[in-house]
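Single-structure report; data block below.
The values are calculated or read from the model by the stated rules, or taken from the named source; none is laboratory data. Note that this is a predicted model, so its numbers are computed, not measured. In this analysis, Cβ positions are derived from the backbone assuming ideal geometry, glycine residues included, and neighbour counts consider all displayed protein chains. Surface accessibility is based on the protein's heavy atoms, side chains included, excluding ligands, DNA and RNA. Shrake-Rupley method; radii C 1.70, N 1.55, O 1.52, S 1.80 Å.
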Amino acid sequence: MKCPKMYVNLIHEHLDGDITKENELLLKEHLHQCKGCQQHMHQLKRTIAFVQSTSHIELPMNFTAGVVAGLPREKNRIRMNRWFTNHPILSAAAVFVLLMSGTVFSAWETDEDFSVSKQPNLVIHDKTVVVPKGETVKGDITVRNGDIKIEGKVDGNVTVIHGDKYLASAGEVTGNIEELDKIFDWVWYNVKTHAKQAVDF
């Protein structure tokens, strides 16, 4: 027959030394009649004695390090997941930079079409843009995937992307001349162009 929980609680109070005299008498009477509670109390006393006997054991100094070293190594994927979880802003920035880098490199590699900004007085032969001698082009000229030969005057900036510039002895450019053959120059040029367009808008 299962004893009421009250007696189990009294056994615990007795072993902890927190039992009142009335409850101790009640527990003694019950233990004389109940073999199950006697056995339970005996097992608890043996457990307490065992724990007390091991309390003086000292672990070696490198015990914790040895246990940790013996554990299986954490998988890189789990470590990365924890890092991304603990650093959400850095994670979002890293993903953004990765995606933007892929887009920029893809645009750099696939941008092979010849193009030139529309300006009057320009002559185009194959992929070479010529500013003829004696002509003045007012405004900026941008040549992509081609060359520019300046024999006349450009009243503005000249930008050559994936190409070469040739300035004749009589040629003149009032602004800046830029050749963009490196991806970082190209990215910076696009950033400046878009910023200027946003300001002008």
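Close Cβ contacts (under 8 Å, 6 or more residues apart or on different chains) running from residues in the range 27-39 that are aliphatic (A, V, I, L, M) to residues that are at pLDDT below 90 and assigned to a loop (DSSP other than H, G, I, E, B) comprise Leu27/Ile19.
Looking at Glu58, Glu29, Glu13, Glu22, just one residue is modelled with pLDDT under 85, open to solvent by 60 Å² or more (accessible area, probe 1.4 Å) and acidic (Asp, Glu), and that residue is Glu58. If the condition is being surrounded by 14 or more Cβ atoms within 10 Å (Cβ to Cβ) and modelled with pLDDT of 75 or more, then the range 168-190 contributes Gly171, Glu172, Val173, Gly175, Ile177, Glu178, Glu179.
You will find that of Ala69, Ala65, the residue that is of a type in the set (A, V, I, L, M), surrounded by 10 or more Cβ atoms within 10 Å (Cβ to Cβ) and either touching a Phe, Trp or Tyr at 6+ places or on another chain (Cβ under 7 Å) or modelled with pLDDT under 85 (or both) is Ala65 and no other. Among the residues of the range 45-53, is any open to solvent by less than 70 Å² (accessible area, probe 1.4 Å), over 18 Å from Pro4 (Cα atoms), over 56 Å from the mean Cα position of the chain (by Cα) and β-branched (Val, Ile, Thr)? No, the range 45-53 contains no residue that is open to solvent by less than 70 Å² (accessible area, probe 1.4 Å), over 18 Å from Pro4 (Cα atoms), over 56 Å from the mean Cα position of the chain (by Cα) and β-branched (Val, Ile, Thr).
Of all residues in the range 103-124, which are at pLDDT below 70 and surrounded by 12 or more Cβ atoms within 10 Å (Cβ to Cβ)? Answer for the range 103-124, where residues must be at pLDDT below 70 and surrounded by 12 or more Cβ atoms within 10 Å (Cβ to Cβ): Val104, Phe105, Ala107, Trp108, Asp111.
All of Asn81, Asn76 fail the test of being of a type in the set (S, T, N, Q) and surrounded by 10 or more Cβ atoms within 10 Å (Cβ to Cβ), apart from Asn81.
Looking only at the range 125-161, residues that are outside any strand (DSSP E or B) and either aromatic (Phe, Trp, Tyr) or crowded, with 18+ Cβ neighbours inside 10 Å (or both) come to 3 in all.
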